[in-house]
Amino acid sequence: MKTIFELIDLKGRCAVITGATGYLGRTFCHTLAELNCNIVIVDINPDKCKEFATEISSKYGVDSLALDCYLSIESNVAAIPEKVQKHFGRMDILINNAAYVGTSGLQGWATSFDKQSTSTWRQALEVNLTAVFTLCRESVPLLKNSGNGSIINIASIYGLLGPDWGLYDGTEMGNPAAYSASKGGLIQFTRWLSTTCAPGIRANSICPGGIFRNQDKVFLERYISKTPLRRMAIEEDFKGIIAYLSSDMSRYVSGQNFIIDGGFSAW
Ligand SMILES: NC(=O)c1ccc[n+]([C@@H]2O[C@H](COP(=O)([O-])OP(=O)(O)OC[C@H]3O[C@@H](n4cnc5c(N)ncnc54)[C@H](O)[C@@H]3O)[C@@H](O)[C@H]2O)c1
């Protein structure tokens with residue numbers, strides 16, 4: 001029987017992480033590189049991607065590749081697996097993490113329902129859901145070849161729950177309809193993938209709860225009082241689930257959604 005250290009080791013494997021230079025994306029890259037995994041950094045800004053790739057390689061001694069890409073452009077998305085194949089010859093883990101989030105500052109986004117625009121809804125669906133569909137479809141041959149293929153889709157508690165508007169009263173914060181709808185779609189797309197791509201590839205989703213980012217004090221107090229563990233999440237809270245779902249620790253786990261929210265959704 002393998003030891004726990006053997007099961008979690010990702011030596012020689014290759015992970016593609018979208019939105020890799022954002023808060024959670026960086027945490028995921030550090031986590032997998034700590035477990036000896038080679039890393040593909042996908043995000044919009046080419047300089048940030050290159051800088052972060054250099055940081056990851058020098059800190060952990062793994063190989064890393066910076067791929068700047070607009071996930072709203074289908075040809076950009078579809079080109080990713082070929083670039084990964086060329087550099088690493090394999091893809092074992094795909095983490096779909098990039099998204100328009102509540103704080104993305106788009107027009108017609110985190111505002112009242114009557115002001116949320118159809119064009120922003122479409123843009124958000126394109127990045128948060130359609131790009132994931134395209135990237136998964138194009139990555140299937142490489143992930144199947146891996147023998148250990150694992151897709152991890154980063155959803156949200158707002159893919160499961162309706163917003164409690166009392167949390168936002170009197171703040172500048174919002175909870176866009178397209179965010180919720182795209183994340184709900186992502187959770188169901190993950191289940192669909194898990195049976196469609198089995199047995200070669202596993203697919204699971206994660207629903208993080210709210211992460212502390214110096215939010216409005218009033219919001220913070222209300223959010224924390226609704227959370228059984230009495231705090232918002234921090235990035236480190238997601239290292240465990242990412243290590244678990246990426247590695248052979250979870251090799252008999254597929255089609256599941258993991259809610260990491262300090263108990264927010266338990267009552
Ligand atoms: N922050 C939270 O409280 C929270 C809660 C639940 C779920 N999540 C989810 O976690 C994931 C990461 O969120 P985060 O808080 O780290 O946000 P973030 O804004 O720090 O990271 C998102 C990354 O996605 C990239 N991105 C956005 N649009 C892109 C595009 N068109 N093409 C390529 N890259 C693009 C951004 O450049 C950014 O680096 C998201 O899927 C988000 O929905 C976050």
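The values are calculated or read from the model by the stated rules, or taken from the named source; none is laboratory data. These figures come from a predicted structure and were not determined experimentally. Note that we place each Cβ from the backbone using ideal geometry, even for glycine, and neighbour counts take in every protein chain shown. For accessibility, only protein heavy atoms count, side chains too; no ligands or nucleic acids. Shrake-Rupley method; radii C 1.70, N 1.55, O 1.52, S 1.80 Å.
Points worth noting:
- Surface listing: TYR168, TYR23 arranged by accessible area from highest to lowest gives TYR23, TYR168, probe 1.4 Å.
- Here the simple spin-label model places points 7 Å from the Cα toward Cβ, and for ASN214 and ILE260 these points are separated by 2.4 nm.
- Ranking THR190, ASN148, PRO163 by how far each Cα lies toward the positive end of the dipole of the chain (charges on Cβ) leaves ASN148 at the top.
- Each label point was placed 7 Å from the Cα along the Cα-to-Cβ direction; for TYR23 and SER117 their separation is 2.6 nm.
- Solvent exposure of segment 155-267 as accessible area per residue, Å², 1.4 Å probe: 48
- Given charges at beta-carbon only (K, R positive; D, E negative), |dipole| of segment 4-251 in Debye: 400
- Between SER119, THR227, GLN256, the Cα set farthest toward the positive side of the dipole of the chain (charges on each charged residue's Cβ, about the Cα centre) is that of GLN256.
- In nm, spacing of pseudo-spin labels at GLU55 and ALA177 (7 Å Cα→C-beta vector): 3.8
- Relative contact order (percent, whole number), segment 77-180, Cα cutoff 8 Å, 6+ residue spacing: 42
- Residue ranking by accessible heavy-atom surface, 1.4 Å probe, largest first, among MET232, MET173, MET1 comes out as MET1, MET173, MET232.
- Compactness index (Cα Rg / 2.2 N^0.38 Å), segment 4-251: 1.00
- Exposure ranking of ARG222, ARG191 by accessible area [1.4 Å probe, largest first]: ARG191, ARG222
- Area of LEU7 that stays accessible when all protein chains are in place (1.4 Å probe, Å², to 10): 30
- Within straight-line cross-link reach of LYS2, lysines at Cα separation under 16 Å, skipping those fewer than 8 residues along the same chain: LYS11
- Listed pairs LYS50/LYS144; LYS83/LYS183; LYS59/LYS239; LYS144/LYS239; LYS183/LYS226; LYS48/LYS217 exceeding 23 Å between Cα atoms: LYS50/LYS144; LYS83/LYS183; LYS144/LYS239; LYS48/LYS217
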